[in-house]
Every structure is written in structure tokens, then in C-alpha cells.
1. So for the range 135-146 (the condition being within 13 Å of the ligand (Cβ to nearest atom), touching a Phe, Trp or Tyr at 6+ places or on another chain (Cβ under 8 Å) and at pLDDT 95 or above), does at least one residue qualify?
2. Does Ser98 meet the test of being in contact with a Gly (Cβ under 6 Å, 6 or more places away or on another chain), in the same structural domain as Asp241 (by TED's automatic domain parsing) and not in a strand (DSSP E or B)?
3. Would you point out the residue of the range 147-166, among those that are assigned to a loop (DSSP other than H, G, I, E, B) and in contact (Cβ under 8 Å) with a residue 24 or more places away in the chain, that is farthest from the ligand (Cβ to nearest atom)?
4. Can you find a residue that is β-branched (Val, Ile, Thr), under 30 Å from Ala255 (Cβ atoms) and either assigned by TED's automatic domain parsing to the domain that holds Thr166 or under 20 Å from the mean Cα position of the chain (by Cα) (or both) anywhere in the range 389-409?
5. So, in the range 260-310, of the ones that are under 10 Å from Pro110 (Cβ atoms) and assigned to a strand (DSSP E or B), which residue ends up farthest from the ligand (Cβ to nearest atom)?
6. Scan the range 115-134 and report the pairs whose first residue is farther than 11 Å from Val281 by Cβ and away from the ligand (no atom under 11 Å from the Cβ) and whose second residue is among the hydroxyl-bearing types (Ser, Thr, Tyr) and at pLDDT 95 or above, with Cβ atoms within less than 6 Å and a gap of 6+ or a chain change.
7. Within the bounds of the range 181-203, is there any residue that is over 21 Å from Cys254 (Cα atoms), in a helix (DSSP H, G or I) and among the small types (Gly, Ala, Ser)?
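The values are calculated or read from the model by the stated rules, or taken from the named source; none is laboratory data. Please read all numbers here as calculations on a predicted model, not as lab measurements. Glycine also receives a Cβ, built like all others from the backbone with ideal geometry; neighbour counts cover every protein chain displayed.
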Amino acid sequence: MDVMRGLGERGDSTPLPGVENLMLHFTPYAEDWSKLPVIVSGEGCYVTDDKGNSYIDGLAGLFTTQVGHGRSELAEVAARQMKELGFFPNWSMHHPRSLELAARISEIAPGDLSSSFFVSSGSEAVETVIKLARQYHKANGEAERYKVISRRVAYHGTTMGALSVTGLPTFKAPFEPLLQGFYHVPNTQQDPEGAADAIEEAIEFGPPETVAAVILEPVQNAGGCLVPPPDYWSRVREICDRHGVLLVSDAVICAFGRLGEWFGIERFDVVPDMTSFAKGVTSGYLPMGGVVVNEKMSATLRENAPMFMHGSTFGGHPVSSAVAIENINIIEREGLLKNVHDLEGHFGDELRRMAADHPIVKEVRGMGFFWAVEVNPERGDGTPLKDEEYQKYFKGVVSRKLLEGGLICRFDDKEDPVIQFSPALVADKEILSKIAGITDDALTELERELGYKS
Ligand SMILES: Cc1ncc(COP(=O)(O)O)c(C=O)c1O
């Protein structure tokens, strides 16, 4: 890896062209945007910035580049498809690639999930889930079912419907009022034993005949890789069935190998009524998202509704579809699901071994290639950090040290502070150990600054 030069400080005073013109996503105005890294290229698990610094991409872009960066196979497939048919919509007509992709997804999706609706992002996928649930119940003669239950702290996207599902008040506050009929229950970290019962209580409070769907991630991302108790999903499945409520897995992060399975939910031995997906379906080489629904839902809609009253110009885009098919082929050809299963133990062990030397670490948790290290926001003597100190030490020291060490990952504090890892599925033992090693150095520095005894 290259020596890290001038990281986080662009060094010269030359203004970065475009920095005044580009609005970044979820990036505080208080940060100096002209000093943020400019990532220019990528290869495998690594990316390089415009100064030649190389980093392990420990977050796979944003839980996305499953097959790693720099895949010429995907570029070639995209170029071929652009030459053959660069664009055509999925409105009232077919084109071969979205047909092939839908057929492929029905082969790999769990249980009887067999009909796909394609969109261009995870938020749109969640939006589609809400509309499918509501229209399905109307088509099924239960028009009064419209309410949606999801979990506190969970992130499900930014469009107004997906944001209404999201359980993060600060993400919603600037845009209130949001949609009606969205309820949030404790997640499995907040109440491990009672979290499934809380869903039943919310349905009963509904009352049940007004509740359309429960939407949950297989492993909740926000809050830091919240792996549910082993019986959680089967209990929720049973509760939803008993009350006639649809169970939705939002697998925007967890699908396409992140947990070592095609849709993530297989790890919990449950078949939902629908699953959303996005990100990893194309490894991010082109935007795509979608929803797969079960036979009962697609049959009811076909029989009782004039059409699914929803669509978008780019849904099922031929070039995105072609890239998705090749991405799935790569995952299969290179045995990447197996790689994740084979190495998840190593990754977890490395993180736990590293954490054992750091009293500041509260918990290491995760599954597949999706892990979080939770840290205590307090000094070595147990004093809680004030907000400015927290910003200085956690955001400042940890984020800087990780980047200087050559690791891009996420320092997240939607709930308790966590460092999150989600490398490409091609990562080998060495890369996973390096991720733990760089985190080790960052935590050593943090503990030194906060007066922990070494
Ligand atoms: C579980 C989940 N759902 C939905 C979304 C929204 O996806 P997008 O950013 O593609 O709109 C995300 C994004 O991270 C997500 O993690």
C-alpha cells in the first residue's frame, strides 16, 4: 500500500474544481468539503485517491461493490448492451435483459418469491414495497389495511415513503410531516427478548385489520449490524401469518452475498412475502433496485387489480439488467457466497481478538461480511464525553486514524457509536486481518487520548 500523504488535508490551497457546485449526500456543512478525499479509481478491495493514496475499501463503496472494483467483465457486458439496446422501458413491453434477470432472480430467491419489479435504488424499492402491500390488500378485499410497522433506528431510505418507514427521528425532522400510518417498535438490540412481542403488540394495537406490513432488515444496519436472536424471524413470521400481515425483508444491504446468501434472510430460515434489494445486485456498477414478491401476492394482484399502478422510466433498465446478470454470474462462478461463509469466522475472530485489547470496545457483532465494533463514548475513568469532546475524539481521531491507516469504513452514530465493516465479497484472510489491524491502531490512539491505561 502506498504511503499515506497529506490525508484529510489536501495540502495546497488550490480550490478543488466543482467543490462549490456539488452538494454531497449526508455530509455535514461544518466539514471542509474541499479537504475530503477524491476517490479516482479502484481495483478489487482497494481504491485510490487523486493523490495516489491507496485504501482498503472496507465498506464496499456503501455496502455495494460485492465483486470488488475494476471488473472489466461488467464494463464489457455494459458496453455490449449499450450497443445492442441502450435503453427501453418496462412499460407495456418487454426487453430481453430484464426478462432474463427476473427469471434468474426467481431461481435464486428463497421459497416462492418469484415475481420481480425493478427500480433504480433501495429507496424506490422500499417505496414499491409499501405500494405493493397496500394495493395487494385492496385487491384481496381488505382495503382498510394500510399501516406499516418497522423498527426504531432502522434506515430504509430517503424518499417520503421509505423515510416514513425509517426509524430515525433526526433524519425525518427536516421534512415533517411525513406519511400517516407508520409505526416503529424496539429493535433487537434495544429489547432482544421482547422485540418480536413488540411487533405483535403493535399489530394488536393497530388494530390488526388495519395493518398491511411489517418491514425489517435481516440484520439491521443502523445501530451497527444488529444480528437478531435466533428465533426472532420465525416468531415474527408466525405473528404476521396469524394476523394476515405481510412480512417484508428489506435486503437492500443484506442481499447478494453480504451475509453469505443470495437474499440474507436464508440465514434465519424464513421466507418473507416480499424482499427488496438494490446495491449489491449490480455491485453498484450501475444503479438498480427491486422487489421480489411471492406467488400469492402476484396471483392476487393479477386476478383482482387492473394493474400494479406504479412504474418508473428506468426500472429494469437494459444495461443495469445486463450488468446485474453478469454480477450474479461472477458471484456464482467465483464461489463468493462460499468465500463469505468460509471467512466470516476468521473476520469475527480477528475483530474480537483485536477488541480484547481495547477496554473502550463494548461489543463486536455481525455476520457474513457485515460487522460492527461498538465503542463506549467515555474516558478511561468512566466519565461520559461531552458532545464537543465526542465530536473531537470519535469523529476526529477515529475517522482520521482509520483513513491514515489506509482504511475506508464507517464511523456511525445513529444510535451508539460503531465502526462498521462491509468489505467486498472477494476479500481474503489477509485483507480481513488488515482491517482489524488498522482498527486496532485507531482504537489505541483513541484510548491514549482518552486516558485509558495501556
Ligand atoms: C436497508 C436499506 N433500505 C433502503 C436503503 C435505501 O437505498 P438507496 O440509498 O439506494 O436509496 C438503504 C440504503 O442504505 C438501506 O440500507
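1. Residues of the range 135-146 within 13 Å of the ligand (Cβ to nearest atom): none.
No, the range 135-146 contains no residue that is within 13 Å of the ligand (Cβ to nearest atom), touching a Phe, Trp or Tyr at 6+ places or on another chain (Cβ under 8 Å) and at pLDDT 95 or above.
2. The answer is yes for Ser98.
3. Arg152
4. yes
5. Asn294
6. Listed by first residue and then by second, the contacts come to Ser115/Ser298; Phe117/Thr128; Arg134/Tyr146.
7. Yes - at least one qualifying residue is present in the range 181-203.
The rows are residues; the columns are (1) touching a helix residue (DSSP H, G or I) at 6+ places or on another chain (Cβ under 8 Å); (2) away from the ligand (no atom under 16 Å from the Cβ).
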site: Phe205; (1), (2): no, yes
site: Glu209; (1), (2): no, yes
site: Glu217; (1), (2): no, no
site: Gly224; (1), (2): no, no
site: Pro228; (1), (2): yes, no
site: Val236; (1), (2): yes, yes
site: Ser249; (1), (2): yes, no
